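Where a number appears in this text, it was derived from the coordinates with a stated rule and is not lab data. The shown structure was predicted, so the numbers you read here are calculated from the model rather than taken from an experiment. Please note: Cβ atoms are built from the backbone with ideal geometry, for glycine as well, and neighbour counts cover all protein chains shown.
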Amino acid sequence: MALEKLFPTTIYRSKPTRAMAKQLVERLVRESYAFREIDSPGKKWSKQNYEGGYTSYSSVTDLPFRSSEFARLKKWIDGEVKKYVRALEIELPDGKLEMATCWINIMGKHCYHAYHLHPLSVISGTFYLQTPPGSGAFKIEDPRIQSFMNTPPRTLSAKRDNRRYLDIQPEPGELLLFESFLKHEVTPNRSSQDRISVSFNYDWIR
């Protein structure tokens, strides 16, 4: 008997050097709160659409052009995205991938982010700044799920690569990259502390 695993879904996890991560995280946490203070349109949108939290998704999405610290983060992420693209064997004959949007997420208690995907981008991801215990997981869904129809559920003890949903618990200073078609959510923050992250999209610029 032989088992072959076909059509894998590949994500990419990475961390900068410990010294760089510590410095970046500390500075970006401060800047994230500072942006929240001055971003009136973002706070208004978040109050209506992001209960218990703040995101600059609808207002400030060009952070690397506004802050040298976010520019430093982008420069490092650019290099990690290139490694991920090589691993995926993506061909870009008439263009390149560029960070098109970059925004802040500050999730207070009970805040969550419902299932969604990023259909107009190629690579999406998040760099985590603060993930206190109980502050929620990054949950991903098998991208084939719409085709399962009458397929029975998996056992509770199913191996990780046989599950339909997976929880990932990122750490502060960790980068997570995934292809933008992958449906994902952030489960509710049960902690009394904020969960803080920086999310972004890379588009195919031709």
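Summary table
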item: Dipole-positive endmost among MET20, GLN48, PHE65 within the range 17-138 (Cβ charges, Cα centre); result: MET20
item: Charged-residue dipole, Cβ positions (Lys, Arg, Asp, Glu), the chain about Cα centre, Debye nearest 20; result: 440 debye
item: Residue (of HIS184, HIS113, ASN150) at the positive-pole extreme of the range 72-194, dipole from beta-carbon charges; result: ASN150
item: For the chain, convex hull of alpha carbons as volume per residue, Å³; result: 159 Å³
item: Extended-chain gain in nm, criterion 0.36 nm per residue less alpha-carbon gap, TYR33 and LYS159; result: 41.4 nm
item: Calculated P(r) tail over 16 Å for the range 147-195, as whole % of Cα pairs; result: 63 percent
item: THR131, THR101 arranged by Cβ crowding within 10 Å, fewest neighbours leading; result: THR101, THR131
item: Filtered trypsin sites (Lys or Arg not before Pro), the range 1-31: DSSP coil and at most 12 other beta carbons within 10 Å; result: LYS5
item: Most fluctuating residue given options LEU177, LEU73, LEU120, as computed from a GNM of the chain linking Cα atoms under 10 Å; result: LEU120
item: Karplus (6.51, -1.76, 1.60) ³J(HN,Hα), θ = phi - 60°, over the range 123-136, in Hz, Gly and Pro reported as x; result: 10, 10, x, 9, 10, 9, 9, 8, 9, x, x, x, 8, x
item: Loop trypsin sites (Lys or Arg not before Pro), the range 39-134 (other Cβ atoms within 10 Å of the site Cβ: 16 or fewer; DSSP); result: ARG66, LYS109
item: Global form of the range 72-174, assessed from the alpha-carbon gyration tensor, a/c cut-off 1.5; result: oblate
item: For THR9, distant residues with modelled amide H under 5 Å away; result: none
item: Derived scalar couplings ³J(HN,Hα) [the range 84-100; Karplus, 6.51 cos²θ - 1.76 cosθ + 1.60; whole Hz; x for Gly, Pro]; result: 5, 4, 5, 5, 7, 6, 7, 9, 10, x, 10, x, 8, 8, 9, 5, 9
item: Range in the chain, longest, excluding exposed chymotrypsin sites (Phe, Trp or Tyr not before Pro) [loop by DSSP; at most 14 other beta-carbon atoms within 10 Å]; result: 1-147
